[in-house]
1. Please enumerate the residues belonging to segment 40-50 that are without any contact (Cβ under 8 Å) to a residue 24 or more places away in the chain and surrounded by 15 or more Cβ atoms within 10 Å (Cβ to Cβ).
2. Looking at segment 171-193, which of its residues are without any contact (Cβ under 8 Å) to a residue 12 or more places away in the chain and within 13 Å of Tyr259 (Cα to Cα)?
3. Given the residues Pro215, Pro196, Pro219, which is the only one that is part of a loop (DSSP other than H, G, I, E, B), more than 28 Å from Ser158 (Cα to Cα) and in contact (Cβ under 8 Å) with a residue 12 or more places away in the chain?
4. In segment 193-237, which residues are hydroxyl-bearing (Ser, Thr, Tyr) and either surrounded by fewer than 16 Cβ atoms within 10 Å (Cβ to Cβ) or modelled with pLDDT of 90 or more (or both)?
5. If you scan segment 6-31, which residues turn out to be loosely packed, with under 14 Cβ neighbours inside 10 Å and under 31 Å from the mean Cα position of the chain (by Cα)?
6. Filtering segment 112-168 down to residues that are at pLDDT below 85 and among the β-branched types (Val, Ile, Thr), which residue is nearest to the chain's Cα centre (by Cα)?
7. Pairs please, first residue from segment 13-39 and free of Cβ contacts under 8 Å to residues at least 60 places away in the same chain, second anywhere and of a type outside the set (Val, Ile, Thr) and not in a helix (DSSP H, G or I), Cβ atoms under 6 Å, 6+ apart in sequence or on different chains.
8. Please work out if Ser98 is surrounded by 14 or more Cβ atoms within 10 Å (Cβ to Cβ), among the small types (Gly, Ala, Ser) and either at pLDDT 50 or above or in contact with a His (Cβ under 9 Å, 6 or more places away or on another chain) (or both).
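The values are calculated or read from the model by the stated rules, or taken from the named source; none is laboratory data. All values reported here derive from a predicted model rather than from experimental measurement. Heads up, the Cβs are rebuilt from the backbone with ideal geometry, glycines too, and the neighbour counts pull from every protein chain shown.
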Amino acid sequence: MTDERRINLLQLLSINDLQQLLTFVNSSRSGKRHELVERCIQILKSTSIINTQFRDKIDELYNKRFEQGDMVTIPYPRDTTNQNQIRQHHQIGTHTNSGQLDHDIKFAKFTFNEDLCQISPCMQILPTNQLQQASHLNKQTHVSFCFILNVQQASDVSTSTYFNTESQRLEYRKQILLRFTTLEKGQTSEQQDKLPPNLYILVNGRVATLPQPKPTSKPNADVVRPGRPIDITEYCRLCPLISNLIEISWFSQDTTQTYGMFIAAV
């Protein structure tokens, strides 16, 4: 691992981790977060004997905090043709089997949360039955794409953890959300969140939790869920060096309806 990469990793470590690093080399651990980062960078760039051990300590703390374990193998094929192409516009991201829209879709603003940034552009996602008809032999039945958080986004989210005493688990004050809405020609007003029927989402091989379906008495009816953003923070790799894979499938008895989606950090 290069020192340049380690400098990026330092930006992601918590204040406690930075203080632990500085204590390790008998350096002052007082000061604001950016001061601690700068102090660690200076030590990293030094030529002292302790430098090698300091590098190892950075790697150890980073792996302890962000290690994700082995990737889960997806039980069906996916098209990876374009996954190495990178788009950068305040964010970095790639997607496959989805269509980027030639016009802007405006989502309704959050009532309680501030929308910090949009990680990916809004794109069209086709229903499973249309993908089956178009794919023929390869049986591609889902939309898949990758996105990568930049350094600031990864740092903002990873350092916003807190312990929720009600749920007895760690949660994030700043979240990464998937937002969906219907696509209609000529729409100009802000769009409300609307989830596609029979929706299924995998984030890095893990099934994302969705809102409970709306009750219905109709047999064989589509599974419709209330429209709201989907929090995928806990499934994401909060590192600017590692991509996140999202796979989406949905279908509907109404073949005329299409949906669009984008990723936002709030």
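1. Residues of segment 40-50 without any contact (Cβ under 8 Å) to a residue 24 or more places away in the chain: 42-43, 46-49.
Correct list: Ile43 only.
2. Within segment 171-193, Glu184, Lys185 qualify.
3. Working: Pro215 fails: in contact (Cβ under 8 Å) with a residue 12 or more places away in the chain; Pro219 fails: in contact (Cβ under 8 Å) with a residue 12 or more places away in the chain.
Answer to the selection: Pro196.
4. Looking only at segment 193-237, we keep the residues that are hydroxyl-bearing (Ser, Thr, Tyr), and these are 200, 209, 216-217, 233, 235.
Of everything in segment 193-237, those that are hydroxyl-bearing (Ser, Thr, Tyr) and either surrounded by fewer than 16 Cβ atoms within 10 Å (Cβ to Cβ) or modelled with pLDDT of 90 or more (or both) turn out to be Thr209, Thr216, Ser217, Thr233, Tyr235.
5. Within segment 6-31, the subset loosely packed, with under 14 Cβ neighbours inside 10 Å is 16, 23, 26, 28, 30.
Matches in segment 6-31: Asn16 only.
6. Across segment 112-168, the extreme among qualifying residues is Ile119.
7. Final answer for the pair search is Gln19/Arg29; Leu22/Arg29; Thr23/Arg29.
8. On the way: surrounded by 14 or more Cβ atoms within 10 Å (Cβ to Cβ): yes; among the small types (Gly, Ala, Ser): yes; either at pLDDT 50 or above or in contact with a His (Cβ under 9 Å, 6 or more places away or on another chain) (or both): no.
For Ser98, the condition - surrounded by 14 or more Cβ atoms within 10 Å (Cβ to Cβ), among the small types (Gly, Ala, Ser) and either at pLDDT 50 or above or in contact with a His (Cβ under 9 Å, 6 or more places away or on another chain) (or both) - is not met.
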